[in-house]
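**Student:** Here's a structure for you.
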Amino acid sequence: MEKTFTNWIKWENRNELEGMRYPGIYCIAVSDNLLNEFNFIQDLEYIGMTNSKGGLKSRLNQFDTTIKKNRCNHGGADRFLYEYENYEITKNNIYVAIRSFECNNKIPSPNDLRIMGEVAKCEYDCWAIYIEKFGSYPKFNDMSNAPKYSIMNR
């Protein structure tokens, strides 16, 4: 599974990743160490997926908009923001890796719909792998233990 993801890349360079227009899985890590080859590490703090027409690029832009406090439109990013409230301090330590699934998500054929189903399954598989390795969900996927910034700062 790990070989199907891109290498870790700095958050600010995410739009350079190939496959961003397609649906897929994205993993967000925060680390003081330089990350390169993707693997499931404890610094991986969020696993997300999208089947939206805008693909991974649109979903990661929603994440970015939320963590910069411009607009709160991503639940996982809202939980991320609770812990990492100051984007300027955190931004150089944020990494992302993706696994895209090439298909037509704008006018999907039956085969495209099957591929989009694989995206959803892949997210669950990623959570399962992480839980097997570390005994819990990634920090910001654990909704019972990760409060949202928007709720706590009303």
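The values are calculated or read from the model by the stated rules, or taken from the named source; none is laboratory data. Everything numeric here is computed off the predicted structure, so don't read it as measured data. Quick reminder, even Gly has a Cβ in these numbers, built from the backbone with ideal geometry, and neighbours come from all protein chains shown. Keep in mind that these areas ignore ligands, DNA and RNA; they rest on the heavy atoms of the full protein, side chains included. Shrake-Rupley method; radii C 1.70, N 1.55, O 1.52, S 1.80 Å.
Rundown of residues vs (1) at pLDDT below 95; (2) charged (D, E, K, R); (3) closer than 19 Å to GLU12 by Cβ; (4) part of a helix (DSSP H, G or I), yes/no style:
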position: ASN70; (1), (2), (3), (4): yes, no, yes, no
position: ASN73; (1), (2), (3), (4): yes, no, no, no
position: ASP78; (1), (2), (3), (4): yes, yes, no, yes
position: THR90; (1), (2), (3), (4): no, no, yes, yes
position: ALA97; (1), (2), (3), (4): no, no, yes, no
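**Student:** Under 7 Å between Cβ atoms, which residue pairs at least 6 apart in sequence (or on different chains) link something in segment 38-52 that is part of a loop (DSSP other than H, G, I, E, B) with a partner that is modelled with pLDDT of 95 or more and among the small types (Gly, Ala, Ser)?
**Tutor:** PHE38/ALA97; ILE41/ALA29; ASP43/ALA29; ASP43/SER31; SER52/SER58
**Student:** Restricting segment 105-130 to residues that are within 20 Å of TYR26 (Cβ to Cβ) and open to solvent by 60 Å² or more (accessible area, probe 1.4 Å), which is modelled with the lowest pLDDT?
**Tutor:** For segment 105-130, the residue satisfying everything is LYS106.
**Student:** Given the conditions (1) in a strand (DSSP E or B); (2) over 26 Å from LYS133 (Cα atoms), which single one is not true for ILE28?
**Tutor:** (2)
**Student:** So the check is Cβ under 6 Å with 6+ separation or different chains; which pairs have a first residue in segment 1-15 that's farther than 21 Å from LYS91 by Cα and a second one that's surrounded by 12 or more Cβ atoms within 10 Å (Cβ to Cβ)?
**Tutor:** GLU2/PHE38; GLU2/ASN39; THR4/ARG99; PHE5/PHE38; PHE5/ALA97; PHE5/ARG99
**Student:** Can you name every residue in segment 34-59 that is under 23 Å from ASN105 (Cα atoms), in contact with a strand residue (DSSP E or B) (Cβ under 8 Å, 6 or more places away or on another chain) and open to solvent by 30 Å² or more (accessible area, probe 1.4 Å)? Spell out how you get there, then give the answer.
**Tutor:** Of segment 34-59, the ones under 23 Å from ASN105 (Cα atoms) are 47-59.
Going one step further and asking which of them are in contact with a strand residue (DSSP E or B) (Cβ under 8 Å, 6 or more places away or on another chain), we end up with 47-50, 55-56, 58-59.
Passing the criteria: MET49, SER58, ARG59.
**Student:** Another question, if that's okay. Residues of segment 83-104 being open to solvent by 20 Å² or more (accessible area, probe 1.4 Å) and either in contact (Cβ under 8 Å) with a residue 40 or more places away in the chain or over 21 Å from GLY48 (Cα atoms) (or both), which ones? Let's see the steps before the verdict.
**Tutor:** The initial filter retains those residues of segment 83-104 that are open to solvent by 20 Å² or more (accessible area, probe 1.4 Å), namely 83-89, 91-93, 99-100, 102, 104.
Selection gives GLU83, TYR84, GLU85, ASN86, GLU88, ILE89, LYS91, ASN92, ASN93, ARG99, SER100, GLU102.
**Student:** Taking GLU132 as meeting all but one of (1) touching a residue at least 60 places away in the same chain (Cβ under 8 Å); (2) within 24 Å of ASN7 (Cα to Cα), write down the number of the exception.
**Tutor:** (1)
**Student:** Restricting to segment 131-154, count the residues that are among the acidic types (Asp, Glu) and surrounded by 17 or more Cβ atoms within 10 Å (Cβ to Cβ). Talk me through it step by step, then tell me what you get.
**Tutor:** To start, the set of residues in segment 131-154 that are among the acidic types (Asp, Glu) comprises 132, 142.
Adding the requirement that they be surrounded by 17 or more Cβ atoms within 10 Å (Cβ to Cβ) leaves none.
Count: 0.
**Student:** Also, quick follow-up: Every residue in segment 103-154 that is among the aromatic types (Phe, Trp, Tyr), within 16 Å of the chain's Cα centre (by Cα) and not in a loop (DSSP other than H, G, I, E, B), please.
**Tutor:** To start, the set of residues in segment 103-154 that are among the aromatic types (Phe, Trp, Tyr) comprises 124, 127, 130, 134, 137, 140, 149.
This time we only want the ones that are within 16 Å of the chain's Cα centre (by Cα), so: 124, 127, 130, 137, 140.
Within segment 103-154, TYR124, TRP127, TYR130, PHE140 qualify.
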